[in-house]
Amino acid sequence: MKKSFEKYIPFNPIALMDRTWPNKVIQKAPIWCSVDLRDGNQALVNPMNLEEKVLFFNTLVEVGIKEIEVGFPSASETEYEILRTLIDENLIPDDVTIQVLVQAREHLIRKTFDAVKGAKNVIVHFYNSTSTLQRKVVFDTDMQGVIDIAVSAAKLIRELTDEMVAETGMNIRYEYSPESFSGTEVDNAVEICDRVVEALGASPENKVILNLPNTVEVSTPNTYADQIEYVCRRLKHRDSAIISIHPHNDRGTATAATELAVMAGAERVEGTLFGNGERTGNTDIMNVAMNLYSQGVDPELDFSQMNKIKDVYERCTNMKVHERHPYAGELVFTAFSGSHQDAINKGTQYMKNSGTQYWEIPYLPIDPADVGREYEPIIRINSQSGKGGAAFIMQQNFGYTLPKEMHAEFGAYVKAACDKAGREIAPQEVYDLFKDEYMDVYEPYHLLKYKIFEEREDDNHVVVEFKGILEKHGLMKEIDGKGNGPIDAFFNGLRTVNFDGYSFKSYNEHAISDGADSQAVSYIQLIHNGKSVFGVGVDSNISVASIKGILCAINRQESNR
């Protein structure tokens with residue numbers, strides 16, 4: 001008895017031992033053709049209405065797609081309606097070509113030509129199925145019968161084109177698809193394509209689009225690339241054809257199949273935004289385009305307003321772009337992992353400090369700003385987060401650049417808060433933790449009043465004196481110290497009132513706002529009995545901010561004893 005998996009027939013790859021595509025590098029964008037309004041629309045539970053189709057069409061134009069398949073006008077009244085609306089209301093820019101799909105059947109072809117009348121630029125895309133399985137199961141015919149259907153349709157389309165161009169001056173181009181190409185014997189695919197090219201009278205000056213669809217993805221992407229390279233080599237009329245591909249995603253590898261097929265010679269890609277389409281969908285044009293972009297290749301499409309494009313897609317299709325969808329998902333630029341956050345934080349600092357002209361941040365293949373994303377959600381904090389994540393939040397969201405030595409200490413507080421909450425905590429909660437732990441620390445010691453004096457002993461030496469009153473639980477202590485600056489003077493003054501157990505370890509400061517209301521923040525690291533403790537002070541005067549930071553560190557140490 002056979003096991004369940006044994007009922008499936010494995011795909012036999014073609015023998016292409018001298019394939020060249022693995023050594024190719026994609027260095028320019030293919031021609032893009034969107035099939036969102038046809039292939040994508042027919043796959044929806046609730047197909048788009050006219051208003052949604054027009055909105056989607058306009059969005060595709062804004063993205064920069066120049067060839068758009070708008071429907072199957074001979075198939076239904078709604079498909080006809082969108083086409084006529086676009087034409088009659090002059091909604092098609094002069095540099096955009098609309099594409100219409102039709103089966104290789106005479107009455108449908110004639111109806112399609114009636115539907116496109118008046119459009120400036122049109123691609124008539126006709127097809128018939130050619131695969132071994134379709135011939136056996138659906139059509140009960142041999143390959144010659146399939147070729148005859150395609151050639152007959154091509155001759156009719158050429159005849160109708162000549163008539164319409166003579167009458168209207170329209171620019172009409174041809175596209176032929178041997179549907180289910182990937183399941184067709186490759187030599188049969190070559191033969192039917194050559195015969196169609198001849199019937200259409202294509203030439204190097206007037207090329208036909210030969211679309212080789214992965215109608216059902218039946219093999220690994222490298223095998224599809226082999227098929228494309230094989231056809232490109234064997235076509236008698238290769239110079240009279242633009243090789244196009246239309247990969248589906250049944251095996252979940254449509255993006256890879258597309259890229260390898262382009263390396264193998266494909267010049268044009270049909271797909272949809274975010275991969276919508278029958279079954280598991282089509283090639284995701286955005287994904288492939290942004291992959292090029294991430295390699296320094298101009299995709300010739302504009303996804304700088306990704307969220308807007310995504311909103312239109314979700315509104316018109318009633319489908320959701322997954323949170324992990326490449327480049328577009330809500331979480332694709334977000335790191336929860338501590339090691340990832342630390343690397344991103346260091347990469348951000350490297351970019352700032354090095355002045356490099358290149359994007360060099362680990363775990364972020366592109367700059368989120370290039371697709372209109374904000375930096376705030378890049379690092380989000382949960383129990384998996386590390387010390388670098390909390391520091392990144394404080395810097396990016398609130399302008400506090402914590403010294404590296406402080407990351408571990410503050411990160412431990414943030415992690416404990418996440419563990420206690422049992423959930424992700426928001427940036428504002430991170431800031432509130434920082435504020436509670438480092439800024440709103442007024443006990444047990446409070447500086448009631450103070451004065452800072454400068455005394456110049458000679459041309460090269462200034463002595464600073466600090467005088468003030470320190471209060472603890474109602475008890476007052478006068479402090480008086482001298483030093484080479486306000487921080488040194490204050491610290492020396494503390495030593496006179498039994499703060500000998502503290503030593504100064506490090507000091508960092510920076511501005512946290514610009515202009516007349518600029519504030520300075522000071523980070524002070526003290527050592528008490530071998531243990532490190534940080535304090536933070538904020539003031540418009542950097543010296544005062546530092547004094548506050550010292551007192552904060554002492555208060556934190558004393559209150560935690």
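A few points about this structure:
- Among the criteria (1) in contact with a helix residue (DSSP H, G or I) (Cβ under 9 Å, 6 or more places away or on another chain); (2) loosely packed, with under 14 Cβ neighbours inside 10 Å; (3) at positive phi, the one K308 does not fulfil is (3).
- Verdict on E314 being under 15 Å from the mean Cα position of the chain (by Cα) and exposed (fewer than 15 other Cβ atoms within 10 Å of the Cβ): no
- Some residue of segment 390-397 being outside any loop (DSSP other than H, G, I, E, B), under 30 Å from S294 (Cβ atoms), of a type outside the set (S, T, Y) and touching a Gly at 6+ places or on another chain (Cβ under 6 Å): yes
- Residues considered: L60, L101, L86. Of these, the only one that is farther than 21 Å from E259 by Cβ, at pLDDT 95 or above, in contact with a Lys or Arg (Cβ under 6 Å, 6 or more places away or on another chain) and surrounded by 17 or more Cβ atoms within 10 Å (Cβ to Cβ) is L101.
- The lone exception for L133 - which of (1) surrounded by 15 or more Cβ atoms within 10 Å (Cβ to Cβ); (2) of a type in the set (A, V, I, L, M, F, W, C); (3) out of contact with any strand residue (DSSP E or B) (no Cβ under 8 Å at 6 or more places or on another chain) it fails: (1)
- Condition check for A225: at pLDDT 95 or above, in a helix (DSSP H, G or I), closer than 30 Å to I92 by Cβ and assigned by TED's automatic domain parsing to the domain that holds E278: no
- All positions within segment 70-83 that are surrounded by fewer than 21 Cβ atoms within 10 Å (Cβ to Cβ) and not aliphatic (A, V, I, L, M): S76, E77, T78, Y80, E81
- Of the residues making up segment 411-427, those that are in a helix (DSSP H, G or I) and either in contact with an Asp or Glu (Cβ under 9 Å, 6 or more places away or on another chain) or in contact (Cβ under 8 Å) with a residue 12 or more places away in the chain (or both) are G411, A412, Y413, V414, K415, A417, C418, D419, A421, P427.
- Yes/no for T283 being over 30 Å from G399 (Cβ atoms) and in contact (Cβ under 8 Å) with a residue 40 or more places away in the chain: no
To keep it simple, each residue is scored yes or no on (1) in contact (Cβ under 8 Å) with a residue 40 or more places away in the chain; (2) of a type in the set (S, T, N, Q); (3) in the same structural domain as I209 (by TED's automatic domain parsing).
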{"site": "E278", "(1), (2), (3)": "yes, no, yes"}
{"site": "A289", "(1), (2), (3)": "yes, no, yes"}
{"site": "E300", "(1), (2), (3)": "yes, no, yes"}
{"site": "K310", "(1), (2), (3)": "no, no, yes"}
{"site": "E323", "(1), (2), (3)": "no, no, no"}
{"site": "P326", "(1), (2), (3)": "yes, no, no"}
{"site": "D342", "(1), (2), (3)": "yes, no, no"}
{"site": "T348", "(1), (2), (3)": "yes, yes, no"}
{"site": "G355", "(1), (2), (3)": "no, no, no"}
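- If you check H461, H510, H473 for being closer than 30 Å to N397 by Cβ, surrounded by fewer than 18 Cβ atoms within 10 Å (Cβ to Cβ) and either aliphatic (A, V, I, L, M) or out of contact with any helix residue (DSSP H, G or I) (no Cβ under 8 Å at 6 or more places or on another chain) (or both), only one passes: H510.
- Inside segment 47-85, residues that are in contact with a strand residue (DSSP E or B) (Cβ under 6 Å, 6 or more places away or on another chain) and β-branched (V, I, T) make up a count of 4.
- Positions within segment 161-209 being assigned to a loop (DSSP other than H, G, I, E, B), farther than 27 Å from A115 by Cβ and modelled with pLDDT under 95, in sequence order: T184, E185
- When G265, G281 are checked against the criterion of being within 17 Å of R251 (Cα to Cα), modelled with pLDDT of 95 or more and either of a type outside the set (V, I, T) or more than 15 Å from the chain's Cα centre (by Cα) (or both), G281 stands alone in meeting it.
- Hey, I378 without any contact (Cβ under 8 Å) to a residue 40 or more places away in the chain, not polar (S, T, N, Q) and not assigned by TED's automatic domain parsing to the domain that holds S513 or not: no
- For segment 120-131, the count of residues that are part of a helix (DSSP H, G or I), closer than 15 Å to E179 by Cα and in contact with a Pro (Cβ under 9 Å, 6 or more places away or on another chain) is zero.
- Identity of the residue in segment 228-250, outside any strand (DSSP E or B) and hydroxyl-bearing (S, T, Y), that ends up farthest from the chain's Cα centre (by Cα): S240
- Complete set of residues in segment 321-370 that are under 22 Å from M306 (Cβ atoms), over 19 Å from the mean Cα position of the chain (by Cα) and aromatic (F, W, Y): none
- Residue count for segment 518-536, restricted to those that are under 39 Å from the mean Cα position of the chain (by Cα), without any contact (Cβ under 8 Å) to a residue 40 or more places away in the chain and not in a loop (DSSP other than H, G, I, E, B): 2
- Within segment 428-455, the residues that satisfy the criterion of being without any contact (Cβ under 8 Å) to a residue 60 or more places away in the chain and farther than 21 Å from Q557 by Cβ are Q428, E429, V430, Y431, D432, K449, K451, F453, E454, E455.
- The set of residues in segment 332-376 being part of a loop (DSSP other than H, G, I, E, B), modelled with pLDDT under 90 and loosely packed, with under 14 Cβ neighbours inside 10 Å consists of E374, E376.
The values are calculated or read from the model by the stated rules, or taken from the named source; none is laboratory data. What you are looking at is a predicted structure, and each value in this text was computed from that prediction instead of being measured. When we count neighbours, we look across all protein chains shown, and the Cβ atoms used for this are built from the backbone with ideal geometry, even at glycine.
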